[in-house]
1. Give the Cα extents of segment A:52-154 along the principal axes, in whole Å, largest first.
2. Within 10 Å of each Cβ in B:15-21, how many Cβ atoms from other chains are there, averaged over the peptide?
3. Would you calculate a helix-derived [θ] at 222 nm for chain A, using -39,500 (n - 2.57) for each DSSP H run of n ≥ 4 and dividing by the full residue count, to the nearest 500?
4. Just to confirm the filter: which chymotrypsin sites (Phe, Trp or Tyr not before Pro) across segment A:171-222 are DSSP coil and have at most 11 other Cβ within 10 angstrom of their Cβ?
5. What is the distance in Å between the Cα centres of segment A:82-121 and segment B:82-106?
6. Using alpha carbons only, how many degrees (0 to 90, rounded to 10) separate the axis of helix A:269-296 from the longest principal axis of chain A?
7. Could you give the angle, 0 to 90 degrees to the nearest 10, between helix A:146-175's Cα long axis and the longest principal axis of the Cα atoms of chain A?
8. How many nm is it between the label spots at A:K54 and A:L33, if each spot is 7 Å from the Cα in line with the beta carbon?
Amino acid sequence: MSDGTNARHVKIVGSYWMRFSLRTGGGLTALLLALVTGLGVAQAFITPVENLMKEAPKLGHSEGEAADSIATIAESNEIAGALKWITGLGESEIEYLVTDQPALLSVIWIFLLAFIPFLTVLSAFNQTAGDIGNKGLRYLLLRTERSNIYLGRSVGTLLFSTGSLLLLLGLVLVYVGLKLKLYPFGDLASSGMHGFLALFFLSLPYIAMCGWFSAMFESAFGSLAICLLVTGFPILGLKMVNWATESDLAWMEQLTPWGWKYDLLSGDMGARLLAYGVMLGFTAVFLVLGMRQFQKRDL
Amino acid sequence: MAEGKRPGGLTALAVINFVFSAFSGLGFLGMFVFLAMMKTIETTEGQAGEDARRAIDETGGYDWIIASGVVNALMAVLLLISGIGYLKQKRVMGRMIGSGAAVINLLFSLAFIATVGMQFAMLVGFVYPVLTLILLNTTFKDDLIN
């Protein structure tokens, strides 16, 4: 490429950055928080199901009957109503998530989607800010171009974040598959892939956004504070305005990746592909802005 | 790795160790509270007493309360020592004792699961010891050499 971008250099910087992330306090804390928060969310839904299945034999019911009861509860109007209220999805979408897909896993993915932007920020806020502050990047600049450093660190952060996600989803799927035995393997694999893609695509724009802010600041803490603020404040602000004025400004959420997150789980392939496309679009915009910022700043 | 150049991850592990050490210490003190409660439960009559006794039996009973108290006391000490070891980048105090604490924690959890059965909540308890064991013996292996 004309600006000196070199795929080999990006790969080297990326793989080093992914491994280095574990050596940093921020990376290790992000991994622990991702696992503990993710497993905590899953636990909130798996434990009641587990207790129900454990108590069933004592009440004279088989595990199969308990599993049927769980399916009946999952497909009930109350659950559908609650999910509709939380996600704002239509009835057919909710029906798809609780009847066509394993309901327990769908609920876990829905709640994880609300946590992923914040967990992603924790693993992506310090792509360059810390090294800009301590002037460490000038040694790297002797060996490669700015674009390779920026893209390499974005790729490394993506790999680290995806690794944490795969570990989390793997643990949940293996447990639900081997211990609870509620769903056939095919359903688990399909829901697992569905959930993983949704969480993966949602994390992309936040990694790129954090990269942009990280290139703007000379302090890792400053970058973290701004990234968390920009991720959380618009959503909180919109919800408060909606609540206070009783107006319907929910469409404004769609100006951010947050507003598209539940479309990533849609049963309608067109809507899902559109949501994937929107996430890639946000990612591209943030990546270009971040790259421009990094190219012209004093290192 | 150069002496004195402590990676941020190792410092984070040390801080987490200190926090878990304090929790383990509280767990040890909690054992005495449980034992005091059990005396009351043993003499409680009626359905409430029966339900409480059944709940205790299902979570392992008297022996497991004592065992977890002892393990908590041990973990509080080992986590504290290994945390200091991480900060000073010590091989024995950090890597050896840290790995030992993680193995003891895992073995106790496995024994508990074998007795009372697996629950998803227990999975969260595996995260830290497994990560510690992996990180101390791979990522931070060459940092704990003093």
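1. Over segment A:52-154, Cα extents along the principal axes are 72, 34, 20 Å.
2. On the way: counts 2, 4, 0, 0, 0, 0, 0.
Partner-chain Cβ atoms within 10 Å, mean over residues of B:15-21: 1.
3. Working: 12 runs with 223 residues, N = 299.
Helix-only estimate at 222 nm: -25500 deg cm²/dmol.
4. Listed in order of number, the matching sites amount to none.
5. Here the answer is 41 Å between Cα centres.
6. Between the helix axis and the principal axis of chain A, the angle is about 20 degrees.
7. That helix lies at roughly 20 degrees to the long axis.
8. 3.1 nm
Every number in this text was worked out from the coordinates using simple rules, so none of it is lab data. Model, not experiment: these values are computed from the prediction. In this analysis, Cβ positions are derived from the backbone assuming ideal geometry, glycine residues included, and neighbour counts consider all displayed protein chains.
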